Amino acid sequence: MNLKKFLAPLILTLVAVACSSTGTNKGSGYMEKVPETLSEPDIHISQVGGTPIVARHETGARSVRLSIRVLNTSSEPLTLDRVEVQSMGSGAYTIPSGDHSIGKVIAPNQVGEFQFWVQVEVEDTILGANGPVSIRAIAFFTSSAGRFRQVLVQNLNDQMGR
């Protein structure tokens with residue numbers, strides 16, 4: 001009898017957690033997938049400019065300007081609400097996880113390019129501040145078909161340090 005009293009609440013809790021986590025990013029209202037009526041946007045993030053050659057081996061905090069380029073391949077407008085960016089592993093610099101508000105509309109079959117600044121910590125590496133950095137970004141979109149997010153993993157500066 002005691003086993004049934006213990007298992008019943010446990011099973012109910014597991015079912016409730018499983019049901020609440022399907023389809024959206026918990027608490028944000030953004031779906032994990034692009035709605036079926038839309039095409040997945042093409043996203044690319046790049047660093048704008050670089051560190052001057054005389055300062056490329058200086059370490060410490062600095063600001064870096066990034067650009068996000070989104071090709072809206074759908075037949076309806078998309079709003080890029082915000083983007084979260086952080087570095088992964090070791091690289092020329094470390095980007096702590098940060099949220100950057102964009103709030104711009106991208107017309108159907110058009111490209112939107114938007115710039116934003118991130119605070120970074122430059123590491124002591126052979127290539128210096130202009131060396132490669134691996135990033136993980138999440139772009140958050142709103143459309144008439146719903147809100148969704150798209151995850152992107154890519155390298156920045158893979159050609160700049162050469």
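The values are calculated or read from the model by the stated rules, or taken from the named source; none is laboratory data. None of these values were measured; they are calculated from a predicted model. Neighbour counts run over all protein chains shown; Cβ positions are idealised from the backbone, glycine included. Calculation scope for accessible area: heavy atoms of the full protein, side chains included, ligands and nucleic acids excluded. Shrake-Rupley method; radii C 1.70, N 1.55, O 1.52, S 1.80 Å.
Rounded to the nearest whole Hz, the Karplus-based 3J(HN,Hα) values (6.51 cos²θ - 1.76 cosθ + 1.60, θ = phi - 60°) of region 128-140 follow the sequence x, 5, 9, x, x, 9, 8, 10, 10, 10, 10, 9, 10, with x at glycine and proline. Placing VAL151, VAL48, VAL133 in order of accessible area, with the largest value first and a 1.4 Å probe, yields VAL151, VAL48, VAL133.
With a cut-off of 9 Å between beta carbons, the residues surrounding MET31 carry a summed charge of +2, where Lys and Arg count +1 and Asp and Glu -1. Rg/Rh for region 43-162 to two decimals, with Rh computed the Kirkwood way over all alpha-carbon pairs. Using Cα coordinates only, the ratio equals 1.02.
By the Stokes-Einstein formula, at 0.692 mPa s and 37 °C, region 99-149 with its Kirkwood radius over alpha-carbon pairs has D equal to 229 µm²/s.
Karplus-based coupling profile of region 65-71, in residue order and whole Hz: 9, 10, 10, 10, 10, 10, 9, with θ = phi - 60° in 6.51 cos²θ - 1.76 cosθ + 1.60 and x standing for Gly or Pro.
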